[in-house]
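Worksheet: one structure, shown below.
The values are calculated or read from the model by the stated rules, or taken from the named source; none is laboratory data. This one's a predicted model, so the numbers in the text were calculated from it and none came from an experiment. Cβ placement follows ideal geometry from the backbone for every residue including glycine, while neighbour counts extend to all protein chains displayed.
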Amino acid sequence: MTAIESIDLQRAAKEHLWMHFTRMGDFGTADVPIIVRGDGCHLEDSNGRRYIDALAGLFSVNIGYSYGDEIGQAAHEQMRELPFYTNWSYAHPRAIELASEVASLAPGDLNRVFFCSGGSEAVESAWKLARQYYQARGGKAIRAALTEPATRHDELVASTHTSPRYKAIARHIAYHGTTLGALSINGIPAIRAPFEPLLAEVRHVSNTNRYHRPTGETEAEFTEFLLAELEQAIVAMGPETVCLVHMEPVQNAGGCFTPPEGYWRGVREICDRYDILLSADEVITAFGRLGYWFGSERYDIRPDIVTSAKGLSSSYAAIGAVIATDKVMEAFMDETSMFSHGITFGGHPVMCAIALKNIEIMKRERILEHVRENEDAFRSTLAQLLDIPIVGDLRGTGYFWAIELVKDKETRETFSDEECERLLRGYLSTALWDAGMICRADDRGDPVIQISPPLVAGQAEFDEITSILGDVLSEGAKLMRS
Ligand SMILES: Cc1ncc(COP(=O)(O)O)c(C=O)c1O
């Protein structure tokens, strides 16, 4: 890349490119960061500087950046054979193969795969699927009853003619995407606020953040508290109106909240008790991030629906999927029923070919085994950072970690909004970039640094990440004392 080309890109970026979740006003004088190439766990910018990508793109480039040739070949072959066809009323070989592959990797009877273009669309589709599921099931029961004796028929018609189920439950601070439905499920006040009022009624219950719970509370007591709160929310909303409980196996926003013992078993039981569909948002956690194909397998969640995207193709393609159990699809199997939903690019053959190749590479390179074999080493390397005065907590699993930054380690007091602004945006984001590392300093909940590198990372990358974070956070601690 020559200097002239670099200047042109800068100017054009400032004049034309509207970046996502970005304060564009920041780029009056400052340069737009322009990433031009990648290999393994590293990226290079338009000035030729290298960075370790401790965020794997957006928690998503699971196989790293070095498989462009092999995946490009698969895309090229698909382009030549069939560059596009749709899943509206038609199938094609790659969508069928990918659906079969995903079904074989997903736990239990999660066997039915509906493709879309990304995570928000997957969440949007899951909520629509849940809403229509109860109608479809009711309609099916009525049609079946038409062949039954009159009293049974009347009973069934009455029981299925209840008010529609449309409400959803999610958790505080959880990110689930940006389309209006997904945004309504989102539990982050700051990104909801500009678009309110949002859709229908969604309630948010506590997430599994243990760090700020009362000292002395046992794991069992924490689980009991969370489950009681979930059940109370369902009862208060009217159980017959709730169609979906939507939660991540390990919640990303707020900083890698892992579930306490017994949590998922309890959530499943409550959903069963009130006949509500349980949806696991696995947009980040599926395809190896936790060392398993699905976080639902890791925590034995047994969801009715799974939403996925990112790692399905390691982000080499824009593809997502909603995976439903046979039970969910059964409601739509009458001759006259259909899920009234579709997206032009859902199941795009080139995207499917890329995702298939990605899964083939993940199997061949034993990526899941690699994550499981190295997660302890990753944790213990990052644990060196706990000596820094502002590093309060390190939490996560697999290759999915967060460091919570605190003002006072003893009391766990968090930074004020102004302090967060000064520490995160005023210092850390730029300092990490200048030190050659991309990761996320996030204060959508309490302030955290999120670390989620490509799944091919090993000890050399753990050391590089930890060393850069160590220097930058130590300086940050001094800054906050001054
Ligand atoms: C858990 C979760 N759900 C949904 C989404 C939305 O995905 P996308 O950005 O592909 O629309 C994300 C994105 O980060 C996510 O982390």
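Mind checking whether some residue in segment 245-254 is free of Cβ contacts under 8 Å to residues at least 40 places away in the same chain, closer than 26 Å to Y133 by Cα, of a type in the set (D, E) and in contact with a strand residue (DSSP E or B) (Cβ under 7 Å, 6 or more places away or on another chain)?
Our first condition is that a residue be free of Cβ contacts under 8 Å to residues at least 40 places away in the same chain; within segment 245-254, this holds for none.
Within segment 245-254, none of the residues are free of Cβ contacts under 8 Å to residues at least 40 places away in the same chain, closer than 26 Å to Y133 by Cα, of a type in the set (D, E) and in contact with a strand residue (DSSP E or B) (Cβ under 7 Å, 6 or more places away or on another chain).
Determine, yes or no, whether I388 is in contact with a Cys (Cβ under 7 Å, 6 or more places away or on another chain), at pLDDT 95 or above and either of a type in the set (F, W, Y) or on the phi < 0 side of the Ramachandran plot (or both). Even if it seems obvious, please write down each step before you answer.
Numbers: in contact with a Cys (Cβ under 7 Å, 6 or more places away or on another chain): no; at pLDDT 95 or above: yes; either of a type in the set (F, W, Y) or on the phi < 0 side of the Ramachandran plot (or both): yes.
Spelling it out, it is not the case that I388 is in contact with a Cys (Cβ under 7 Å, 6 or more places away or on another chain), at pLDDT 95 or above and either of a type in the set (F, W, Y) or on the phi < 0 side of the Ramachandran plot (or both).
Considering only residues that are within 16 Å of the ligand (Cβ to nearest atom) and either among the small types (G, A, S) or surrounded by 24 or more Cβ atoms within 10 Å (Cβ to Cβ) (or both), which ones fall in segment 317-346?
Answer for segment 317-346, where residues must be within 16 Å of the ligand (Cβ to nearest atom) and either among the small types (G, A, S) or surrounded by 24 or more Cβ atoms within 10 Å (Cβ to Cβ) (or both): A317, A318, I319, G320, A321, V322, I323, G346.
Provide a single number: the residues in segment 292-312 that are charged (D, E, K, R), within 11 Å of the ligand (Cβ to nearest atom) and either touching an Asp or Glu at 6+ places or on another chain (Cβ under 7 Å) or under 14 Å from N111 (Cα atoms) (or both). Steps first, please.
Let us first name the residues in segment 292-312 that are charged (D, E, K, R), namely 297-298, 300, 302, 304, 310.
Add one more test, that the residue is within 11 Å of the ligand (Cβ to nearest atom), and what stays is 310.
In the following step, the residues that additionally are either touching an Asp or Glu at 6+ places or on another chain (Cβ under 7 Å) or under 14 Å from N111 (Cα atoms) (or both) were identified as none.
So the count comes out to 0.
Are any residues in segment 90-111 surrounded by fewer than 22 Cβ atoms within 10 Å (Cβ to Cβ) and closer than 15 Å to V306 by Cβ, and if so, which ones?
Of the residues in segment 90-111, the ones surrounded by fewer than 22 Cβ atoms within 10 Å (Cβ to Cβ) are 90-93, 96-97, 99-101, 103-105, 107-109, 111.
Answer for segment 90-111, where residues must be surrounded by fewer than 22 Cβ atoms within 10 Å (Cβ to Cβ) and closer than 15 Å to V306 by Cβ: A99, E101, A103, S104, L105, P107, G108, D109, N111.
Go through S452, S429 for me and flag whichever is of a type outside the set (A, V, I, L, M), more than 14 Å from L43 (Cα to Cα) and crowded, with 23+ Cβ neighbours inside 10 Å. Walk me through it before giving the result.
Numbers: S429 fails: crowded, with 23+ Cβ neighbours inside 10 Å.
Among S452, S429, only S452 is of a type outside the set (A, V, I, L, M), more than 14 Å from L43 (Cα to Cα) and crowded, with 23+ Cβ neighbours inside 10 Å.
Quick check on segment 454-462. Is at least one of its residues part of a strand (DSSP E or B) and either modelled with pLDDT under 95 or touching a Phe, Trp or Tyr at 6+ places or on another chain (Cβ under 7 Å) (or both)? Steps first, answer last, please.
Of the residues in segment 454-462, the ones part of a strand (DSSP E or B) are none.
No, segment 454-462 contains no residue that is part of a strand (DSSP E or B) and either modelled with pLDDT under 95 or touching a Phe, Trp or Tyr at 6+ places or on another chain (Cβ under 7 Å) (or both).
All but one of (1) away from the ligand (no atom under 16 Å from the Cβ); (2) surrounded by fewer than 15 Cβ atoms within 10 Å (Cβ to Cβ) hold for F195; which doesn't?
(1)
What's the number of the only condition in (1) modelled with pLDDT under 95; (2) over 22 Å from V448 (Cα atoms) that L230 fails to meet?
Result: L230 fails condition (1) only.
Tell me which residues, restricted to segment 209-237, are surrounded by 15 or more Cβ atoms within 10 Å (Cβ to Cβ) and in contact (Cβ under 8 Å) with a residue 24 or more places away in the chain.
Hits for segment 209-237 are N209, R210, Y211, F222, T223, L226, L227, L230, E231, A233, I234, M237.
Would you mind stating whether I354 is touching a residue at least 40 places away in the same chain (Cβ under 8 Å), crowded, with 20+ Cβ neighbours inside 10 Å and either farther than 18 Å from K128 by Cα or of a type in the set (G, A, S) (or both)? Steps first, please.
Numbers: touching a residue at least 40 places away in the same chain (Cβ under 8 Å): yes; crowded, with 20+ Cβ neighbours inside 10 Å: yes; either farther than 18 Å from K128 by Cα or of a type in the set (G, A, S) (or both): yes.
Yes: the conditions hold for I354.
Restricting to segment 265-288, and then to whatever is in contact (Cβ under 8 Å) with a residue 40 or more places away in the chain and among the hydrophobic types (A, V, I, L, M, F, W, C), can you tell me which residue is surrounded by the fewest Cβ atoms within 10 Å (Cβ to Cβ)?
Across segment 265-288, the extreme among qualifying residues is I270.
Scanning segment 172-187 for residues that are of a type outside the set (G, A, S) and away from the ligand (no atom under 11 Å from the Cβ), which turns out surrounded by the most Cβ atoms within 10 Å (Cβ to Cβ)?
Going through segment 172-187, the residues of a type outside the set (G, A, S) turn out to be 172-173, 175-176, 178-180, 183, 185-186.
Now restrict to residues that are away from the ligand (no atom under 11 Å from the Cβ): 172-173, 180.
Working: H172: 16, I173: 22, L180: 12.
Across segment 172-187, the extreme among qualifying residues is I173.
Among the residues of segment 115-130, write down those that are assigned to a helix (DSSP H, G or I) and among the hydroxyl-bearing types (S, T, Y).
First, pick out the residues of segment 115-130 that are assigned to a helix (DSSP H, G or I): 119-130.
S120, S125, listed by residue number.
Select, from G139, G119, G108, the only residue that is touching a residue at least 24 places away in the same chain (Cβ under 8 Å) and within 16 Å of the ligand (Cβ to nearest atom).
Numbers: G139 fails: within 16 Å of the ligand (Cβ to nearest atom); G108 fails: within 16 Å of the ligand (Cβ to nearest atom).
Just one listed residue meets the conditions, G119.
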